[in-house]
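> If you scroll down you'll find the structure; I have some questions about it.
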Amino acid sequence: MNHPILNMSVNINDFTYQLPPDRIALYPLGDRDMSKLLVYRSGKIDHKTFKTLPDELPGDTLLFFNNTKVIPARIHFKKESGADIEVFLLEPLDPSPVYAVAMDAKHATRWKCTIGNAKRWKNDGVLIKETQHLVLEARLENREAGVVSFSWNSQDAFATVIGLMGETPLPPYIKRPPELSDRERYQTIYSRHEGAVAAPTAGLHFTNEVLQTLRQNHIEVDYLTLHVSAGTFQPVKVENALEHTMHREQVIVSRQNISNLQRNKFIIAVGTTAMRTLESLYWFGVKLQRDPTSSFVIDQRDAFMTMDALPSAEEAIMLVAQYMKRNNIEVLSGSTAIYIVPGYRFRICRGLITNFHQPGSTLILLVAAFIGGDWKKVYAAALENDYRFLSYGDSSLLLPYTLQ
């Protein structure tokens, strides 16, 4: 049975604002932790520097980071005619849909891709890109589905190949070519698991010094993985946002993550991707309550299921812990297309660290769901105080809940 909100309308025009082009950060600051930090606490707004974040957090806080690593997913091929064809990696198909396996593939792999200038790529044509002694070939297997097969002439893993051949996949609103410096700056300092085609940008502000201060302040941290897909930039093109098709992303959580969630801490998500993962875990627990054999696949409407008695957050996470123990699972892999819009009730997260997002985006909807109508006050304050917006921009700490 579905939540009543699904019979209502969420007008996307109510979740937009005027973003002047010159407020979009085209480059990051030289020092990650010198970005501005807007602190929203129970309706009140303060302006800080990100370096001071540890002093703004409640004492019993547990921060969850997304440790996905951005891959150089944009590959340019040049035809003999001179035509440029861009192949943008979206998700692996073979030898496995699991990013870690696909990135370690030798000799050949197949991916779902988007293709720029696709009309210049004939169905039987082979695109070739060479660098040093490496030759990469791409074949278009299914134009409609965007399936491309790759092969190369070495024992190198695919991760090494695209490291030499690919470019940093800067977001479409950063209107400049990627530079060598983006390889390091469009990546969190704690990135570990390759697979994202967009950075979890809330984490770009963290430095080793900030992490060390968090430890000194007895703020705990933990890491999970959501491989951010290009769908995060997909605009909401329908007036009723509930009719938008949400993108699906791979998630990986450990038994340690689950154990930490059971410790009754004040959970703050570092980024919308970490928040989507944590909230998805609750709904996986709900699915397990209904069917103990359920798989960790969260659909976009799962977050609006109603039951006679939904479990508490503690009960839902306990069901996930029991599932992992029962099946002897240390690392749980799954996927989520969770869609968080105004009207959603948050089950796990009490705080959010996030950048400032595009007007009319699914990310604005998530922020509005978290802090209600005050999202307009937050964004107005950021604009009035010269904050930099989007991926390379400044940050916010949103605390609509008090520590209890």
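> Run down Val135, Val148, Val161, Val221 and say which single residue is among the β-branched types (Val, Ile, Thr), surrounded by fewer than 16 Cβ atoms within 10 Å (Cβ to Cβ) and touching a residue at least 12 places away in the same chain (Cβ under 8 Å).
Numbers: Val148 fails: surrounded by fewer than 16 Cβ atoms within 10 Å (Cβ to Cβ); Val161 fails: surrounded by fewer than 16 Cβ atoms within 10 Å (Cβ to Cβ); Val221 fails: surrounded by fewer than 16 Cβ atoms within 10 Å (Cβ to Cβ).
Answer to the check: Val135.
> Give me the pairs: first residue in region 44-61 and assigned by TED's automatic domain parsing to the domain that holds Ser395, second residue assigned to a loop (DSSP other than H, G, I, E, B) and aliphatic (A, V, I, L, M), beta-carbon distance under 7 Å, and six or more apart or on different chains, which are they?
Pro54/Ile219; Leu57/Ile219; Pro58/Leu403; Asp60/Leu403; Thr61/Ile219
> Just checking, does region 326-335 include any residue being over 24 Å from Leu261 (Cβ atoms), assigned by TED's automatic domain parsing to the domain that holds Gly231 and small (Gly, Ala, Ser)?
no
> Residues Ile267, Ile353: which one is in contact with a Cys (Cβ under 7 Å, 6 or more places away or on another chain), of a type outside the set (Gly, Ala, Ser) and within 28 Å of Arg388 (Cβ to Cβ)?
So the residue among Ile267, Ile353 that is in contact with a Cys (Cβ under 7 Å, 6 or more places away or on another chain), of a type outside the set (Gly, Ala, Ser) and within 28 Å of Arg388 (Cβ to Cβ) is Ile267.
> On to the next question. So which of Arg255, Arg290, Arg276 is among the basic types (Lys, Arg), modelled with pLDDT of 95 or more and closer than 19 Å to Glu314 by Cβ?
So the residue among Arg255, Arg290, Arg276 that is among the basic types (Lys, Arg), modelled with pLDDT of 95 or more and closer than 19 Å to Glu314 by Cβ is Arg255.
> Going through region 298-315 one residue at a time, which ones are closer than 28 Å to Glu243 by Cβ, among the hydrophobic types (A, V, I, L, M, F, W, C) and surrounded by 15 or more Cβ atoms within 10 Å (Cβ to Cβ)?
The answer is Ile298, Ala303, Phe304, Met305, Leu310.
> In this structure, does Ala198 turn out to be on the phi < 0 side of the Ramachandran plot, among the hydrophobic types (A, V, I, L, M, F, W, C) and surrounded by fewer than 21 Cβ atoms within 10 Å (Cβ to Cβ)?
Answer is no for this residue.
> Could you list, in sequence order, all residues of region 180-201 that are farther than 24 Å from Ala102 by Cα and out of contact with any Phe, Trp or Tyr (no Cβ under 9 Å at 6 or more places or on another chain)?
Leu180
> For residues that are touching a residue at least 12 places away in the same chain (Cβ under 8 Å) and exposed (fewer than 15 other Cβ atoms within 10 Å of the Cβ), scanning just region 165-182, find the one that is nearest to Asp104 (Cα to Cα).
Pro172
> Taking Asn142, is it outside the structural domain of Ala230 (by TED's automatic domain parsing) and over 29 Å from Ser181 (Cα atoms)?
yes
> Same structure again: If a residue counts only when it is among the hydrophobic types (A, V, I, L, M, F, W, C) and under 25 Å from Gly285 (Cβ atoms), which strands (runs of 3 or more DSSP E) contained entirely in region 153-266 have at least 3 such residues?
Qualifying strands (runs of 3 or more DSSP E): 220-226, 249-254.
> One residue is enough: does region 296-308 have a residue meeting the conditions modelled with pLDDT of 95 or more, farther than 30 Å from Asn13 by Cβ and assigned by TED's automatic domain parsing to the domain that holds His227?
Taking every residue of region 296-308 in turn, at least one turns out to be modelled with pLDDT of 95 or more, farther than 30 Å from Asn13 by Cβ and assigned by TED's automatic domain parsing to the domain that holds His227.
> Within region 225-276, which residues are within 18 Å of the chain's Cα centre (by Cα) and of a type in the set (S, T, N, Q)?
The answer is Thr225, Ser229, Thr232, Gln234, Thr245, Gln250, Ser254, Asn257, Thr272, Thr273.
> Suppose we filter region 77-94 for residues that are in contact (Cβ under 8 Å) with a residue 12 or more places away in the chain and surrounded by fewer than 16 Cβ atoms within 10 Å (Cβ to Cβ); how many remain?
Total meeting the criteria: 7.
> Given the structure, is Leu332 surrounded by 18 or more Cβ atoms within 10 Å (Cβ to Cβ) and part of a strand (DSSP E or B)?
Answer is yes for this residue.
> Name the residues in region 276-292 that are touching a Ser or Thr at 6+ places or on another chain (Cβ under 8 Å) and not β-branched (Val, Ile, Thr), would you?
Listed by number, the residues that qualify are Arg276, Ser280, Phe284, Lys287, Leu288.
> Checking Leu352 against (1) surrounded by 22 or more Cβ atoms within 10 Å (Cβ to Cβ); (2) of a type outside the set (Lys, Arg); (3) more than 20 Å from Leu226 (Cβ to Cβ); (4) in contact with a strand residue (DSSP E or B) (Cβ under 6 Å, 6 or more places away or on another chain), only one condition comes out false. Which one?
Going through (1) surrounded by 22 or more Cβ atoms within 10 Å (Cβ to Cβ); (2) of a type outside the set (Lys, Arg); (3) more than 20 Å from Leu226 (Cβ to Cβ); (4) in contact with a strand residue (DSSP E or B) (Cβ under 6 Å, 6 or more places away or on another chain) one by one, Leu352 breaks only (3).
The values are calculated or read from the model by the stated rules, or taken from the named source; none is laboratory data. What you see is a predicted model, and the numbers here were worked out from it, not measured in a lab. Every residue, glycine as well, gets a Cβ built from its backbone with ideal geometry; the counts of neighbours run over all protein chains shown.
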